[in-house]
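Asks: First the structure, then my questions, so here it is.
The values are calculated or read from the model by the stated rules, or taken from the named source; none is laboratory data. Everything numeric here is computed off the predicted structure, so don't read it as measured data. Note that we place each Cβ from the backbone using ideal geometry, even for glycine, and neighbour counts take in every protein chain shown. Heads up: the accessible areas ignore ligands, DNA and RNA and are worked out on the full protein's heavy atoms, side chains in. Shrake-Rupley method; radii C 1.70, N 1.55, O 1.52, S 1.80 Å.
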Amino acid sequence: MSDDAIQVSGVVKRYGAATAVDNVSFNVAQGEFVSLLGPSGCGKTTTLRMIAGFAEPTAGTFRVNDRDVTRLPPEKRELGFVFQNYALWPHMTVAENVGFGLKLRKKSRAFIADKIAESLFVTGLSGYEDRLPRQLSGGQQQRVALARALALEPQVLLMDEPLSNLDRALRVTMRRELKELQARMKMTTLYVTHDQEEALSLSNRVVIMNKGRVEQIAAPYELYENPATSFVADFVGITNFLEGSAVGVDGGSMGVRLRSGQVLRAAAKTAVTPGAEVRALIRPERVTLTTTPIEGENILAGQLILSEYFGAVLRYSVRLDGGEILRAEVHNFDSFVETGAKVWICVLPQHLRVISQEGQG
Amino acid sequence: MSDDAIQVSGVVKRYGAATAVDNVSFNVAQGEFVSLLGPSGCGKTTTLRMIAGFAEPTAGTFRVNDRDVTRLPPEKRELGFVFQNYALWPHMTVAENVGFGLKLRKKSRAFIADKIAESLFVTGLSGYEDRLPRQLSGGQQQRVALARALALEPQVLLMDEPLSNLDRALRVTMRRELKELQARMKMTTLYVTHDQEEALSLSNRVVIMNKGRVEQIAAPYELYENPATSFVADFVGITNFLEGSAVGVDGGSMGVRLRSGQVLRAAAKTAVTPGAEVRALIRPERVTLTTTPIEGENILAGQLILSEYFGAVLRYSVRLDGGEILRAEVHNFDSFVETGAKVWICVLPQHLRVISQEGQG
Amino acid sequence: AADDCMLRVTTWGGSYQGTYESVAAKFEEQYNCKIEWVVGASPDHLIKARLGQVDVVTNTLLNSIAGEKEGLWLPLDPAKIPNMANLYENAIYSKNTIFANVGDYVLAYNSDKLSEAPASWEDLWKPDYKNSVVIYGADHIPTLSLMVMKAEQNGGGIDNMEPGIDRMAELIKSGNLIGMLDVESQMVSLFETGDAALGMLATGRMKDLLSKGAKNISFVRPEEGTFPLITSVNIHKDATNPDMAANFVNYILSPEVQVAFATRNLYAPTVKNAEVPEDFEYRELLVRNEAFGRLFLPDQEKITANKADWQQRLNQKAKR
Amino acid sequence: MTRFDFGTVALRLITLLMMTFLVFPIAVTLIVAVNPREFILPPNGFTLDWFKAAWSSKTFLRGMGVSLVLGIAAAFLANVLALPAAMALVRNNFFGKAAINIVLMSPLLIPTTIFSLALYIYFVRIGYGSGLLPLLVGHTVHIMPYALRILTASLHNLDPSYEEAARIVGAGRIRTLFSVTLPVIRTGLISSFALCFILSWNDFPISVFLAPPGWTPLPVELFSYIKFQYDAVAAALAGSLILLSALAIVIIDRLAGLRRVLRS
Amino acid sequence: MRRVLPPLAPALIALLIFVAFPMLWVLRTSFNELEAGAYIVDAMTLDNYTRFLGDSWYLINTLWFSIRIALIATLISVVCAYPVALYVTRTSGLQRNILLALIMAPLLIGLVTLVYGWIVIFRGGGLLNSLMITLRVYDQPVRYMWDIKGVVILLVYIGAPYVVLSLLDSIERISPFLVEAARNVGASRWTAFWKIVFPLTMPGLYAGVVIVFALNFSAFAVPLMIGDSNTQMIGLIVYREALLNNDLPFASALSVIMVVVNALILMGMAVLFGRLILNRLEVKR
Ligand SMILES: Nc1ncnc2c1ncn2[C@@H]1O[C@H](COP(=O)(O)OP(=O)(O)OP(=O)(O)O)[C@@H](O)[C@H]1O
Ligand SMILES: Nc1ncnc2c1ncn2[C@@H]1O[C@H](COP(=O)(O)OP(=O)(O)OP(=O)(O)O)[C@@H](O)[C@H]1O
Ligand SMILES: [Mg+2]
Ligand SMILES: [Mg+2]
């Protein structure tokens, strides 16, 4: 017996010669919120669809609440599901779409009406009850899809990019609603998203997939700060990779000799042999950028080649004197640095991670 | 004669009694990149569809490259369009979808093959030429929709949330491709997105819509730093509003007396009469948060009630002693503040904007 | 040339047309005139005639009469149609209409199922034959004639049809009938399969059965007489070439064509000088001599005028 | 499908039953067609004589040819007329739509016998009593409402954004129709065409009145033939039709396979 | 209107020229008189209408009977054809072509020829009766041919293929996601079918129902060949009056009545189906 609400074991899905999902295994504990994160086409939707019973796995099994559901028809699996492409029933109004599952459960009229009103209110769709799906905007349709799943208050909810077509403000509200609902209902959630902010802020754990395989399963902080592979590091947040070789490994610290010969000091968290080819990982938000020359340890000089404005963030691209491109993010800025200006960058040793160049990448 | 590639004048669209677009006017200059930003259901898609000629406006006119196109059929308008719901032709392979427009233009076989290969490469779909749309993942379909529009290298390109189903890394790549293409081709672009980072970083100007109307048209920096209304301020980035009344207006500075009686000093940019009800706007990334008591001007005390982890950002919610909730963002952090801890917040006067409470909101 | 001369002649499809075609070549050659067959069911012949689309009309007698009322036909001139001289007297219906050939409807029966041969139309009503009798549909001359015959036998007549209609309604309600069929070949099939034990059948169909080797199907001509199946000919008043049309009618009446229809379709000749070969296998099926005299041919005009009314009354009375 | 699936099994069963219902009389007809004795049943041998007879009958062969050409032409014309009308009706709401709908359905409301008679008389009066035009017009007009209904149904389910996408990449109305609309509603189009063809192929009343000499379609020939004599020639003809359509199917299938091969 | 008229024009003009004018002739003829059973006289009389409308036999045993039979046969056709259409959409390639060919084969061959096949099955000692008696469903042969049963069976036999053809496209284009979504919220296969697939096939079903009803309502060949005096469907009466009895005025009057009744019924169906579902599915601009 286990505590896990969802257990995915050794699942494979092939379409002809192509393998969409390749030996994927992971668990989601009771009441846990787990996100599936990965590049487009990596097999997230396929995995979710198999859990829900819409597609049969080529190999592997699924257990939901300790029951083997691999051969169970979808309606027996008692899972909520939000479709990536909404799959709203075109002949039903918004209210009918949302209420359909409840009607099947033979709830009282009043109860159904209440639930419909509630889910529509939560998703900001009150007043749209009698519209047909085709009379809604893209984001409104997506919210109906969400409301339809939420109205049933499922114990286990699978969502496939349920907020992708919503504006940020709405997404924030929805997220908060989801989290609250999840906490209140002790709902187990498996969430597919391409928005890593969302994944990191909502999840207890994140499953990173790539090309049909699982790359890493970890809690958000762990994932961001200690990516297992450079794929993960790069995919979760933007990361600068500087290549070099390990030097002067000693106790809690080590050095990385860059191509230019310069040595960066790092608080060593990985065991590497001196001389090994390594990558130094630097998160853009961790660097300090100035236009006034500074000297000392872990200072890199370069030239600003691009600046991008994101409102709360300014993102600079800097060509280091060694030739590498390094991205830096600046918050709380009051002025812009001109493109072409000479700049200096400082990275603290504790913000520099080192991973070996082959192996895990 | 004007320099504008797109002119939208006084456009109204009604569906029965409901008004989806309400007297919208804006221009997009030759080679400019303009984003349409607004909450879900505000009329972005409707506006775009009318420009493309898929829907007839109830009132108003459209000009493209100084030609009145209001009554022109879509194929005569010479616009590129990326559909929010992709609208890939189900009976054509990926390559056929992308190549269809070129075939219509009677290009040579070799040229078409080249262009298809190029657009698919740019969108990361090389190798998927012979798939049918239904054999693709959501994100892959979206990229085909994009590739289809790009292959034609249109002079004017309208895009309706073309990247919403892509993961961040891919979105960044696509954005860069778009920007490069735009620069190279001097392409005029009108871009609908719900992702304000995208809007702010890509656009020359942003049109903010709300409930079918235009709220503000401005360059990204202007928009973010000088929102015309509190709707815009709130919608573009997360903003804290503190309500109060104007006091001690003098020259380049003024004060806002909060409910608690405390007075915050602001570098006055707006003309308000003393005593008027105003809102102080504070961007979360502009505040400094500490757990060690500090004293002085513009210091607010409160208690931490929630912290959210977004990888590169930590977002705190603080209940001020005056009762208001204030959000603060911290980048480049090394430790978390415990929920419940007493915290102090500092806002520099130059980061405090004041807007009058009624009027523009 | 043959291109200039074209004669439009209505015919029924199938074997009737077959016989026509087999003898037409000689006519076409002789008169250097091409014949164009206007194939159709009987009603179409009349409608096409109404619209002036045909020259020579091979018709049912009922249609000939209707057409005559509407003045569609040209009088047949014995001077131009010398063979008319050979016609039996009763084969000349009017100055516009003559009979081309005559078949009759006999009483067919399955000798396996009936211990002795039936002798009268009355046998159709016998309770022994539940669900094993077939007769023609109520639009068809034999059934209409039977109705008139029954009216006469039951104290009525063609002007007082009530008894006849009642009797037919009884037949329908008796449960004897497998059906009142509009398609003759269905009746043949029913005799073949043994479903039908007794029923009306045209001699042509009787021949089909016999030639298929149905040894257990026999026929009788009841003492009350049989019902004729008359093919009449008319020349259309707007015939493009009335003389050629007359030539064709004359040709139809030639012994050669008459014998062809007799041997191929079992339609008895209407001219005296046609000699059916002695060795003709189905000679018995041709209505000749005293059987010809017993043909029951009630007033066709009255039938034409009233049959719709009778049918409707029958339908109402037979309502189950 | 690995799991036992009651729905699919039931569906198979019902389909099987239904197909038996549809095919059984044909099977009987085919047995008759190779039965030396002309009786319907039971069979007492095997012969191809009836097939020979059917295939040496000029009337039937010509009738078949006429029906084929006529059916294809009429089905084509009917669909050409119905398609734009169906599009206009599905995509727009306007005053009087219901009325126009009924008007377009009118040939369906009139009993065929009277319709063809009236049409025939009309043609004669306007001086087109003979020739092929009346026959073609009669068939086309009569089957047009059927095409209209099926195409309307197909267009109902069509996402308009497919067409919009084609228009915006530069395809005109016509090009969009041929490159996008028609391929997407392909099944509906094929159904509509097949149904129209079958209706025309089977039609008796219209052809009886409107067929000019020398252009008698098969059903008229067949009916006049069969009305008096049922011999196995008609059955053999039916058998030949089955064989011909089987042949057509195999050819179509091969062609489709070939196209797939060529494309990849 | 600017957008609507041009595409409608060809069809409307064709109908105006080739249907409206001939129908005017029918209308005119329906007021004529028939003299002595054959001769048509120009007149202005309502006799032909009163003859029909004033006679309960015509009203009940032909008109109402035809409506009933047409509706029943249509309903049975739909019930029989729907599963077949569902099954066909699940097949592809050669298998599908063969199925479709078999479905259409009866229509290709034509009723006239196939009737003899039916006789073998339906006659007193025929296959069906033998089977039923062997299975002890009943013990006396039941009459199918030349009876109302035969008429209905044959109308279904002819109608079912048309329904299959009408349905194919509607079924085929239903996105599987919609069914999955229904299954996911707890609908069984059956419920998902009824609540999702079935409503979405309404456009095709409507087409099929209209087509088959119209064919059935004015059928004359089937009642002519398979019917008896109890199955005097109105199409048959028209055929008989027009072609056998030469009573064109009465046949015309009957036709006019049929057109009106047919139009009313079809409008009723349009309203019914529209209410049920079609209005919701219509893509309006
Ligand atoms: N056919 C229609 N009938 C009635 N209302 C409609 C119809 N189409 C759209 N609307 C309404 O018009 C408004 C604007 O829709 P639109 O699709 O332009 O929104 P949008 O800004 O693109 O939203 P989103 O970001 O969610 O895609 C919405 O409130 C929508 O419900
Ligand atoms: N029916 C199919 N036939 C062949 N390949 C398919 C089919 N469906 C999906 N695939 C492939 O399987 C892979 C995984 O698809 P899936 O939809 O699971 O991706 P995803 O992770 O959800 O991507 P996205 O974020 O773009 O939605 C993709 O490469 C896709 O092209
Ligand atoms: Mg997906
Ligand atoms: Mg939109």
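Asks: Which of rounded, prolate or oblate describes segment A:239-356 when judged by the alpha-carbon gyration tensor and an a/c cut-off of 1.5?
Replies: Here segment A:239-356 falls in the prolate category.
Asks: Does a label point 7 Å from the Cα of B:GLN30, set along Cα-to-beta-carbon, have any residues of segment B:58-97 with amide nitrogen under 17 Å, and which are they?
Replies: B:63-68
Asks: Can you give the Rg to Rh ratio for segment D:57-232, taking only C-alpha atoms and Rh from Kirkwood?
Replies: 1.06
Asks: What are the label-to-label distances in nm, one decimal and shortest first, from B:ARG176 to the same spot in the other copies, with labels 7 Å along Cα to Cβ?
Replies: Values, ascending and in nm: 3.5.
Asks: Highest first, please rank the peptides A:212-221, A:173-182 by the mean number of other Cβ atoms sitting within 10 Å of their residues.
Replies: A:212-221, A:173-182
Asks: How much length is gained on full extension from B:ASN204 to B:GLN135, taking 0.36 nm per residue of separation minus their Cα-Cα distance?
Replies: Once the chain is fully extended between B:ASN204 and B:GLN135, it gains 21.2 nm.
Asks: Let me ask you something else. Using a 1.4 angstrom probe on protein heavy atoms only, which residues from segment E:16-56 are buried by at least 30 Å² of accessible area when all chains are present rather than their own chain alone?
Replies: Those are E:PHE18, E:VAL19, E:PRO22, E:MET23, E:TRP25, E:ALA36, E:GLY37, E:ALA38, E:TYR39, which lose 30 Å² or more relative to the chain on its own.
Asks: OK, next. Chains A and B: what accessible area do they bury, summed, in square angstrom to the nearest 100, with a 1.4 Å probe?
Replies: By this definition, chains A and B bury close to 4300 Å².
Asks: How much of the accessible area of chain B, probe 1.4 Å, is carbon plus sulfur, in whole percent?
Replies: 49 percent
Asks: What fraction of the DSSP beta bridges in chain C is antiparallel, stated in percent and rounded to the nearest 5?
Replies: Of the beta bridges lying entirely in chain C, close to 70 percent run antiparallel.
Asks: Just tell me which lysines come within less than 18 Å, Cα to Cα, of B:LYS211; anything on the same chain fewer than 8 places away is out.
Replies: B:LYS13, B:LYS44
Asks: Which order do the peptides D:106-117, C:299-310, A:151-162 come out in when sorted by mean C-beta neighbours inside 10 angstrom, highest first?
Replies: Ranking, from highest mean packing down: D:106-117, A:151-162, C:299-310.
Asks: Also: Looking only at other chains, what is the average number of their beta-carbon atoms within 10 angstrom of each beta-carbon in E:156-166?
Replies: Mean partner-chain Cβ count within 10 Å for E:156-166: 4.
Asks: Follow-up. So if we plug the beta-carbon distance of A:SER335 and A:LYS76 into 1/(1 + (r/R0)^6) with R0 = 45 Å, what FRET efficiency do we get, rounded to 0.05?
Replies: So, using R0 = 45 Å, E works out to roughly 0.15.
Asks: Cα centroids of segment D:155-169 and segment B:177-242: how far apart, whole angstrom?
Replies: 30 Å
Asks: With the calculation restricted to Cα positions, what are the radius of gyration and Dmax of chain A in angstrom?
Replies: 24.2, 75
Asks: May I pose another question? If you take each beta carbon of peptide E:209-218 and count the beta carbons of other chains within 10 angstrom, what is the mean?
Replies: 4
Asks: Something else: Per residue, how many Å² of accessible area does chain C show with a 1.4 Å probe?
Replies: 34 Å²
Asks: Mind checking how much accessible area E and D bury in total, 1.4 Å probe, in Å² rounded to 100?
Replies: Rounded to the nearest hundred, the buried surface is 8300 Å².
Asks: Here is a follow-up. If you count, for each residue, the other Cβ atoms within 10 Å and average over each peptide, how do D:24-30, D:192-198, A:23-29 line up from highest to lowest?
Replies: Highest mean packing first, the order is D:192-198, D:24-30, A:23-29.
Asks: I would also like to ask the following. Span-like helices, chain E: DSSP H, alpha-carbon axial extent 24 Å or more, mean Kyte-Doolittle -1.0 or greater, which ones?
Replies: The answer, listed by residue number, is E:65-90, E:148-172, E:248-273.
Asks: Convex hull volume of the Cα atoms in segment E:62-280, per residue, in Å³?
Replies: With only Cα atoms used, segment E:62-280 gives 152 Å³ per residue.
Asks: Still on this model: Divide by every residue of the protein assembly as shown the summed helix terms, -39500 (n - 2.57) for each DSSP H run of at least 4, and state the resulting mean residue ellipticity at 222 nm, rounded to the nearest 500 deg cm²/dmol.
Replies: Mean residue ellipticity, 222 nm, calculated: -13500 deg cm²/dmol.
Asks: Among DSSP beta bridges lying fully in the protein assembly as shown, give the percent that are antiparallel, nearest 5.
Replies: 75 percent
Asks: Using a label position 7 Å from Cα in the Cα→Cβ direction, what is the ascending list of nm distances from B:THR291 to the same site in the other copies?
Replies: Its label point is 3.7 nm from the equivalent points in the other copies.
Asks: Just counting partner chain Cβ atoms within 10 Å, what average do the residues of peptide A:5-14 show around their Cβ?
Replies: 0
Asks: Additional query: Between B:GLU277 and B:TYR15, what FRET efficiency comes out of the Förster formula 1/(1 + (r/R0)^6) with R0 = 41 Å and r the beta carbon distance, rounded to 0.05?
Replies: 0.65
Asks: Now for a different question. How about segment C:58-75: which of its residues lose at least 10 Å² of accessible area in the presence of all protein chains relative to their chain isolated, using a 1.4 Å probe?
Replies: Buried-area filter returns C:ASN63, C:ALA66, C:LYS69, C:GLU70.
Asks: While we're on this one: Leaving out ligands and nucleic acids, note down the accessible area per residue over chain E with a 1.4 angstrom probe, in whole Å².
Replies: Normalised by residue count, the accessible surface of chain E is 36 Å².
Asks: Follow-up question, since we're still on this one. Simple spin-label model, 7 Å along Cα-to-Cβ: C:TYR282 to C:ASP4 in nm?
Replies: Roughly 4.2 nm, to one decimal.
Asks: Determine the per residue accessible area of segment B:239-356 with all protein chains present and a 1.4 angstrom probe, expressed in square angstrom.
Replies: Value for segment B:239-356: 42 Å² per residue.
Asks: Using a 1.4 Å probe and counting only protein heavy atoms, how much accessible surface gets buried when E and C come together, both sides summed, in Å² to the nearest 100?
Replies: 3000 Å²
Asks: Further question on the same structure: I'd like the residues of segment A:155-184 whose 1.4 Å-probe accessible area shrinks by no less than 30 Å² going from the isolated chain to the full set of protein chains.
Replies: Residues shielded by partner chains are A:SER164, A:ASN165, A:ASP167, A:ARG168.
Asks: Next up: Which of the lysines could be linked to C:LYS317 by a straight reach, that is with a Cα gap under 24 Å, when you skip same-chain ones fewer than 8 residues away?
Replies: Within the straight-line limit of under 24 Å, C:LYS317 reaches these lysines: C:LYS126, C:LYS130, C:LYS150, C:LYS173, C:LYS302, C:LYS307, E:LYS149.
Asks: Using r as the Cβ-Cβ distance of A:THR290 and B:ARG105, and R0 as 45 Å, what FRET efficiency do you calculate, to the nearest 0.05?
Replies: 0.30
Asks: Under the convention of a label 7 Å out along Cα→Cβ, give the distances in nm from A:PHE121 to the same position in every other copy, shortest first.
Replies: List, nearest first: 5.7 nm.
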